[in-house]
Amino acid sequence: MKLLKILLAVALFSTVVACQDDEATKQMDVKFLLTDAPSSQNFQEVNIEVKEVYYSVSGENWVQLPITQTVYNLLDLTNGLDTLLANIRLDAGTRINQMRLVLGTNNTIKLADGTIKTLETPSAATSGLKVNIHQSISTESGYAVMIDFDADRSIVEKGNGDYSLKPVIRAYIVQNTSYIDGYIIPPFVQMNVFVVSGLDTVSTVSDVTLNNYFKLHGLNSGTYSLQFREISTNIILKDTAINIIGGTNVRLGEIVFPVIN
């Protein structure tokens, strides 16, 4: 009897330790995605070389993602489209709070007439662009980090006809955010679309090749000013308040404007 009690005690202890080990080593999938907003500058291509990507959970120690150095045409990744950079496993509940994107020098644009121009790339981009993620996570089953490269605001035309790259990038956790989307009528009148909340601004350009569709994503809870602006003059044609609550998306359907002559 005494031996049986000892064996039962050992078995119970082993079970408890195993459960604790399972709990301690529980992991989740974390995906890293790349996306862009459409451009109003009539580029055929915006090609950006992504050389390395790092993340940090402490703001000090950096871990390199297992990616292949690749040139991406950002215009293929607009209005809700994205591409997977990496998928890794982290301990459940791990919060990534910074990203660092390292670009190569093989960055070009193709103009409307087919001319290819080299983008002069600042040394800061080739040494690493840091992006903060000011969000907590609400899931232990995994999440996705979206890296949003705003090509339209990142490309600057110089006086001599050359172009330079001054990257405008943000990153956010997809599961914690919402999006606003819709279609602008008439479908051939392209517009700049903005959401503004305090000092924060997210912008896109409606896509006439997709029935003038627009999508503003990565939005936190709050009240936003949704603005539709004329492309050439930047005049605000419509400004309305939109409430974002708890990750709920706002699908506006068709937004009708008078035909602009």
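Residue pairs whose Cβ atoms lie under 8 Å apart, sitting 6 or more positions apart in sequence or on different chains, and linking a residue in the range 123-145 that is surrounded by 12 or more Cβ atoms within 10 Å (Cβ to Cβ) to a partner that is at pLDDT 90 or above and acidic (Asp, Glu), are 128/52; 142/29.
Quick check: anything in the range 105-112 at pLDDT 90 or above, among the β-branched types (Val, Ile, Thr), more than 24 Å from residue 242 (Cα to Cα) and surrounded by fewer than 19 Cβ atoms within 10 Å (Cβ to Cβ)? Yes; the residues of the range 105-112 include at least one that is at pLDDT 90 or above, among the β-branched types (Val, Ile, Thr), more than 24 Å from residue 242 (Cα to Cα) and surrounded by fewer than 19 Cβ atoms within 10 Å (Cβ to Cβ). The residues of the range 103-143 that are under 16 Å from the mean Cα position of the chain (by Cα), under 12 Å from residue 167 (Cα atoms) and of a type in the set (A, V, I, L, M), listed by number, are 129, 131.
Can you confirm whether the range 21-33 contains a residue that is under 23 Å from residue 203 (Cβ atoms), in the same structural domain as residue 118 (by TED's automatic domain parsing) and without any contact (Cβ under 8 Å) to a residue 60 or more places away in the chain? No, there is no match, as no residue in the range 21-33 is under 23 Å from residue 203 (Cβ atoms), in the same structural domain as residue 118 (by TED's automatic domain parsing) and without any contact (Cβ under 8 Å) to a residue 60 or more places away in the chain.
Suppose we filter the range 151-164 for residues that are more than 18 Å from residue 105 (Cα to Cα) and crowded, with 19+ Cβ neighbours inside 10 Å; how many remain? So the answer is 1.
Taken over the range 223-250, the residue count meeting the criterion of being under 19 Å from the mean Cα position of the chain (by Cα) and either surrounded by fewer than 16 Cβ atoms within 10 Å (Cβ to Cβ) or modelled with pLDDT under 90 (or both) is 4.
Restricted to strands (runs of 3 or more DSSP E) entirely inside the range 28-101, those with at least 3 residues that are loosely packed, with under 15 Cβ neighbours inside 10 Å are 83-91. Only residues that are more than 25 Å from residue 98 (Cβ to Cβ) and in contact (Cβ under 8 Å) with a residue 60 or more places away in the chain were counted in the range 65-77, giving 1.
Selection of the range 165-188 for residues being surrounded by 18 or more Cβ atoms within 10 Å (Cβ to Cβ) and assigned to a loop (DSSP other than H, G, I, E, B) yields only 167.
Among the residues of the range 161-204, the ones that are of a type in the set (Ser, Thr, Tyr), touching a residue at least 40 places away in the same chain (Cβ under 8 Å) and within 17 Å of residue 215 (Cβ to Cβ) come to 7 in all. Restricting to the range 170-205, name every residue that is within 18 Å of residue 154 (Cα to Cα) and not assigned by TED's automatic domain parsing to the domain that holds residue 133. Across the range 170-205, the qualifying residues are 192, 193, 194, 200, 201, 202, 203, 204, 205. Residues that are in contact with a helix residue (DSSP H, G or I) (Cβ under 7 Å, 6 or more places away or on another chain) and either at pLDDT 85 or above or closer than 19 Å to residue 46 by Cα (or both) within the range 118-164 comprise 143, 144, 146, 149, 151, listed in sequence order.
The values are calculated or read from the model by the stated rules, or taken from the named source; none is laboratory data. Since the model is a prediction, treat every value here as computed from it, not as a measurement. Glycine gets a Cβ as well: all are built from the backbone with ideal geometry, and neighbour counts include every protein chain shown.
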